[in-house]
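Each reported figure results from applying straightforward, stated rules to the coordinates on display, with no laboratory input. Remember, it's a predicted structure, so these values are computed and weren't measured experimentally. Cβ placement follows ideal geometry from the backbone for every residue including glycine, while neighbour counts extend to all protein chains displayed.
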Amino acid sequence: MVKLKKDSFIVANKKFNSRLIVGTGKYKNMSECAKAIELSGAEIVTVAVRRVNISDKNKPLLMDYVNPKKITYLPNTAGCFNSKEALRTLRLAREIGGWKLVKLEVLGDKKNLYPEMIETLNSTEVLSKEGFKVMVYCNDDPLMAKRLENAGACAIMPLAAPIGSGLGIQNKVNIRLIIKGTKLPVIIDAGLGQASDATIAMELGCDGVLVNTAIAKSKKPFDMAVAFKHAVIAGRQSYISGRMRKKYFGSPSSPTKGII
């Protein structure tokens, strides 16, 4: 058996072994969430600062289930619809837990949950100047991705499809253009529905994927967490192995010389 090479994933100068990031929302309870995270092998989890309890000790605390000393918390701005809300949320996260590595998402409306890119770009510039390491949820626009890089983002996180839709990657061409056009890690964020979607993302050359609903709302979250773990590994290994050249005609898989 071929032993896989060490293939570290680096974000904001911090090294991780897993390229799978998982969310902490939509589970039945925190115990289920914690178990799914463990089985996924993820080393980074997103935490919706406005929705997940991380400070009220009179209620169940996420920290009691997911150890922040072992798992990197990635506070995010889920539920924010303008720059003011997003900035306030992440500043609060820094006060509560000292977190500087954050995920920024500023949504345009409550129906499609697409990112509001002007507000997102402005927020990225402000947060970067304040010393935050900003991983940015964005649309699949290669030009905007480059602008986010120039604004100080530490990772680009284009959507595959609308948040929670489970549609999978809808625009492979744009994702490839984003990868080719930026020096930053590119992490597919939002819209994946099954493990094979993660494999496709990794085979396109993405550095990682972020998954929440596809695991939390599957019929068997624990099994799906394991499936995504292996799908990301397989997709990455496939990508770095170098796929065969595409051809439009068939060719025999066995040698044609010396046929009896």
(message) Is there a quick way to get the dipole size of the chain? I mean about its Cα centre, with the Cβ of Lys and Arg at +1 and of Asp and Glu at -1; what is the value in debye to the nearest 20?
(response) 720
(request) List the residues whose amide H sits under 5 Å from the amide H of Val49, counting only those 5 or more places along or on another chain, with H placed 1.01 Å from N in the peptide plane. (result) Asn76, Ala78
(message) I want to verify a result. In a Gaussian network model of the chain, Cα cutoff 10 Å, which of these has the top mean-square fluctuation: Val186, Val49, Val232?
(response) Val49
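If R0 is 45 Å, what FRET efficiency do you get for Lys246 and Lys70 from their C-beta distance, rounded to 0.05?
Values: r = 43 Å, r/R0 = 0.95.
Efficiency for this residue pair is about 0.60.
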(request) With springs only between Cα atoms under 10 Å apart, run a GNM on the chain and tell me which of Asp109, Asp197, Asp140 wobbles the most. (result) Asp109
(message) Between Ser238 and Leu143, what is 0.36 nm times their sequence separation minus the Cα-Cα distance? Round to one decimal in nm.
(response) 31.4 nm
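How high is the relative contact order of segment 14-241, in percent, with contacts defined as C-alpha pairs under 8 Å that are six or more residues apart?
Details: 471 pairs, mean separation 42.8, N = 228.
Answer for segment 14-241 is 19 percent.
Between Asn29 and Lys129, what is 0.36 nm times their sequence separation minus the Cα-Cα distance? Round to one decimal in nm. Write out the running numbers ahead of the final one.
Values: separation 100, 0.36 × 100 = 36.00 nm, distance 3.69 nm.
Contour length minus the Cα-Cα distance gives 32.3 nm.
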(request) Using a Gaussian network model of the chain whose springs link C-alpha atoms within less than 10 Å, name the residue from Asn13, Asn122, Asn76 with the highest mean-square fluctuation. (result) Asn13
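Could you work out the percent of alpha carbon pairs in the chain separated by over 29 Å, rounded to a whole number?
Numbers: 9956 of 33670 pairs.
More than 29 Å apart: 30 percent of the Cα pairs in the chain.
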(message) Full-extension gain between Ser8 and Arg176, please, as 0.36 nm times their residue separation minus the C-alpha to C-alpha distance.
(response) 58.4 nm
(request) List the residues whose amide H sits under 5 Å from the amide H of Ser18, counting only those 5 or more places along or on another chain, with H placed 1.01 Å from N in the peptide plane. (result) Glu43
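When only Cα pairs under 8 Å and 6 or more residues apart are kept, what is the percent relative contact order across segment 118-171?
Details: 65 pairs, mean separation 17.4, N = 54.
RCO, segment 118-171: 32 percent.
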(message) So if I place +1 on the C-beta of Lys and Arg and -1 on the C-beta of Asp and Glu, and nothing else carries charge, what would the dipole magnitude of segment 11-161 be about its Cα centre? I want it in debye, nearest 20.
(response) 420
(message) Please compute, for the alpha-carbon atoms of segment 125-205, the extent along each of the three principal axes and give them in descending order in Å.
(response) 37, 24, 16
(message) List the residues, sorted by chain then number, that are 5 or more residues from Leu101 or on another chain and whose placed amide H is less than 5 Å from its amide H.
(response) Lys133
(request) Answer with one residue from Val173, Val22, Leu39: the one whose Cα lies farthest towards the positive end of the charge dipole of the chain, charges on Cβ with Lys, Arg +1 and Asp, Glu -1. (result) Leu39
